[in-house]
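Inspection log for the structure reproduced underneath, given as structure tokens.
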Amino acid sequence: MTSGTEGSVQIDDRVAKAAGRVRERSGDADLVSVELSSRRTGMSFQRTRMSADRTLMAVIRTALSLITFGFTIYQFFERLADSNVISNASAGRNFGMALVFLGVGMLILGIIYHLHFMYGLRTQREEMTQEGLIHGQSIFPVSLTLITAVLLLALGLMAIVSMVFHVGPFG
């Protein structure tokens, strides 16, 4: 069974070999079916985890856009006011700060949702492993997407501090 890529051929070969080993040991087709089903279910946890990472990436992308656009608007009106081009820049600056706050808030909610979802997924996976329904041999590695989201959150919070108190690296 080939699907056109070398990676899927390797997986298919491994599954066929595993099914052959189970068949040799027991001769029972039901055990082969259970073994293959366990492997598919175990892999579905990995796919679900990657899907959660993609969802967090979409939140990061949107939050980053809001934070950078808001900070740019704030800085633009701040510079116009500093050079006496306009007399009152508070509306533009407030709009820019609101966008930054919105981006940071969205990022916080996205991180909380991701952590909650991953905790539930890990709990369900551990229960199924203990019941013997899946093998659970592979680990869930640290999510680089989550690390990126936390770093962006810190950057957004620094931008807020810089705008509100006129201090920091962005002031």
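The values are calculated or read from the model by the stated rules, or taken from the named source; none is laboratory data. Note that the structure is predicted; figures quoted are calculated from it, not measured. Reconstructed Cβ throughout: ideal geometry from the backbone, glycine too, with neighbour counts over all protein chains shown.
A few points about this structure:
- Taken together, ALA149, ALA154 contain a single residue that is assigned to a helix (DSSP H, G or I) and in contact (Cβ under 8 Å) with a residue 12 or more places away in the chain, which is ALA149.
- Residue match in the stretch 135-146 (condition: part of a helix (DSSP H, G or I) and not polar (S, T, N, Q)): yes
- The stretch 157-167, residues that are within 13 Å of TYR74 (Cβ to Cβ) and not in a helix (DSSP H, G or I): HIS166
- Restricting the stretch 47-97 to residues that are under 30 Å from LEU144 (Cβ atoms), out of contact with any helix residue (DSSP H, G or I) (no Cβ under 7 Å at 6 or more places or on another chain) and of a type in the set (A, V, I, L, M), the residue that is modelled with the lowest pLDDT is MET50.
- Subset of the stretch 110-142 (residues that are closer than 17 Å to ALA58 by Cα and either modelled with pLDDT under 90 or of a type in the set (Phe, Trp, Tyr) (or both)): TYR113, PHE117
- Selected residue (criterion: surrounded by the most Cβ atoms within 10 Å (Cβ to Cβ)) from residues of the stretch 157-171 that are touching a residue at least 12 places away in the same chain (Cβ under 8 Å) and in contact with a helix residue (DSSP H, G or I) (Cβ under 9 Å, 6 or more places away or on another chain): ALA159
- Contacts under 7 angstrom Cβ, first residue in the stretch 47-74 being crowded, with 16+ Cβ neighbours inside 10 Å, partner basic (Lys, Arg), 6 or more apart: TYR74/ARG93
- In the stretch 109-123 there is at least one residue matching the filter, namely being of a type in the set (A, V, I, L, M), crowded, with 18+ Cβ neighbours inside 10 Å and part of a helix (DSSP H, G or I).
- Exactly one residue out of GLY96, GLY42 is touching a His at 6+ places or on another chain (Cβ under 6 Å) and at negative phi, and it is GLY42.
- Whether a residue is assigned to a helix (DSSP H, G or I), at pLDDT 95 or above and exposed (fewer than 15 other Cβ atoms within 10 Å of the Cβ) was assessed, and LEU102 does not pass this test.
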